[in-house]
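K.L.:
Pasting a structure below so you can have a look.
Each value in this text was obtained by applying a stated rule to the coordinates, not by laboratory testing. Computed from a prediction, not measured in an experiment: that's the story for all the values here.
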Amino acid sequence: MFLAILFGFFAIIIIQSSAMAGNAKAIRFNQLLVSAQTVVNSHFDQKLISLTMSDGFMFKDYDVYFSDGDKIVFNSNGQWTGVECFSSRVPSFFIPKDINTYIEQHYPKNVIQKIEKDHGRTDVKLANGTGISFNGRFQVIDIDD
């Protein structure tokens, strides 16, 4: 009986989270936090084509899309959590020095095209498709070739 109630409770939470995750709405640039606006203006030259805000169960994300397909994601505090560049490399501003050094030493002919950070972990994807995960001390914890 207890397991059935517990299962039902978790099913309700999952359904509510899924329903709320699909609620992205278009916003204007001035609706981004000033810190996020500063990052966009300082590190991207492309034309801004779309901004969306997703208001989830326990989070709020802001996705900024550019004309060349590049994308940057901010959390509700205006801190970037992900950058994806299709036509070029991720700007060096977003790459921690230790990660950049590792990539230069082990993958000298590649560039980082995607970087995401979450809960002390940083994931990068190189132009050749290799994915590398780093812990909070920027030590490699996983490589997916």
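K.L.:
Cα extents of the stretch 27-145 along the three principal axes, largest first, in whole Å?
P.N.:
Largest first, the stretch 27-145 extends 41, 30, 21 Å along its Cα principal axes.
K.L.:
On a full-extension model of 0.36 nm per residue, what is the gain between E104 and A26, subtracting their alpha-carbon distance, rounded to one decimal in nm?
P.N.:
Values: separation 78, 0.36 × 78 = 28.08 nm, distance 3.80 nm.
Stretched out fully, the E104 to A26 stretch lengthens by 24.3 nm.
K.L.:
Moving on. Around F138, which amide H atoms from residues at least 5 apart in sequence, or from another chain, sit under 5 Å from its own amide H, with H modelled in the peptide plane?
P.N.:
none
K.L.:
Same structure again: Taking amide hydrogens as modeled 1.01 Å from N in the peptide plane, which residues meet the under 5 Å criterion relative to T130, leaving out close sequence neighbours?
P.N.:
none
K.L.:
On a straight-distance basis, which lysines could pair with K117 in a cross-link, Cα separation under 24 angstrom, same-chain partners fewer than 8 positions away excluded?
P.N.:
Within the straight-line cut-off, K117 pairs with K25, K60, K71, K97, K109, K125.
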